[in-house]
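The values are calculated or read from the model by the stated rules, or taken from the named source; none is laboratory data. Predicted model only: the values in this text are computed from it and were never measured. Here the Cβ is made from the backbone with ideal geometry for all residues, glycine too, and neighbour counts use every protein chain on show.
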């Protein structure tokens with residue numbers, strides 16, 4: 001089913017509320033593992049279904065995934081979240097959960113503004129984010 005700008009906008013707004021409300025905190029059902037960004041969100045087509053019956057290419061987030069990552073497992077991990085191209089996968093390897101959630105919320109806000117036709121305002125990169133980026137490049 002094709003995704004309209006309206007359905008994508010509503011899904012991104014839902015995801016932003018989910019992040020801001022602490023939705024990616026520890027789950028009471030699985031407190032031993034971190035929650036996966038996008039994959040453990042109610043907006044995921046396969047939410048709470050370990051069989052994963054729905055292919056990721058049906059997900060509305062696929063339009064944000066670079067072409068070279070679309071055939072991977074969990075392609076949503078490769079959505080560039082900022083101007084440096086840092087992805088969910090990058091933050092899993094080189095960042096912290098708060099840094100990841102901050103980058104995710106920033107990306108969601110920018111995409112929401114873009115879809116609503118509002119100007120996108122970039123925030124300055126912090127010294128800590130700059131240092132993380134340098135470490136990841138080495």
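Summary table below
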| quantity | calculated |
| --- | --- |
| All positions within segment 1-20 that are assigned to a helix (DSSP H, G or I) and either without any contact (Cβ under 8 Å) to a residue 12 or more places away in the chain or on the phi > 0 side of the Ramachandran plot (or both) | 6, 10, 17 |
| Lone qualifier among 66, 55, 119, 98 - being at pLDDT 95 or above, surrounded by fewer than 17 Cβ atoms within 10 Å (Cβ to Cβ) and over 11 Å from the mean Cα position of the chain (by Cα) | 66 |
| Test result for residue 108, modelled with pLDDT of 90 or more, under 20 Å from residue 6 (Cα atoms) and in a loop (DSSP other than H, G, I, E, B) | no |
| The lone exception for residue 77 - which of (1) in a loop (DSSP other than H, G, I, E, B); (2) more than 14 Å from residue 16 (Cα to Cα) it fails | (1) |
| Residue among 30, 7 that is at pLDDT below 85 and either surrounded by fewer than 13 Cβ atoms within 10 Å (Cβ to Cβ) or more than 15 Å from the chain's Cα centre (by Cα) (or both) | 30 |
| Filter result for the condition that a residue is crowded, with 17+ Cβ neighbours inside 10 Å, in a loop (DSSP other than H, G, I, E, B), out of contact with any strand residue (DSSP E or B) (no Cβ under 9 Å at 6 or more places or on another chain) and modelled with pLDDT under 90, over 40, 49 | 40 |
| Close pairs (7 angstrom Cβ cut-off, 6 or more residues apart or separate chains): free of Cβ contacts under 8 Å to residues at least 40 places away in the same chain in segment 86-112, surrounded by fewer than 21 Cβ atoms within 10 Å (Cβ to Cβ) and assigned to a loop (DSSP other than H, G, I, E, B) anywhere | 87/80; 103/82; 106/82; 106/123; 107/82; 110/120 |
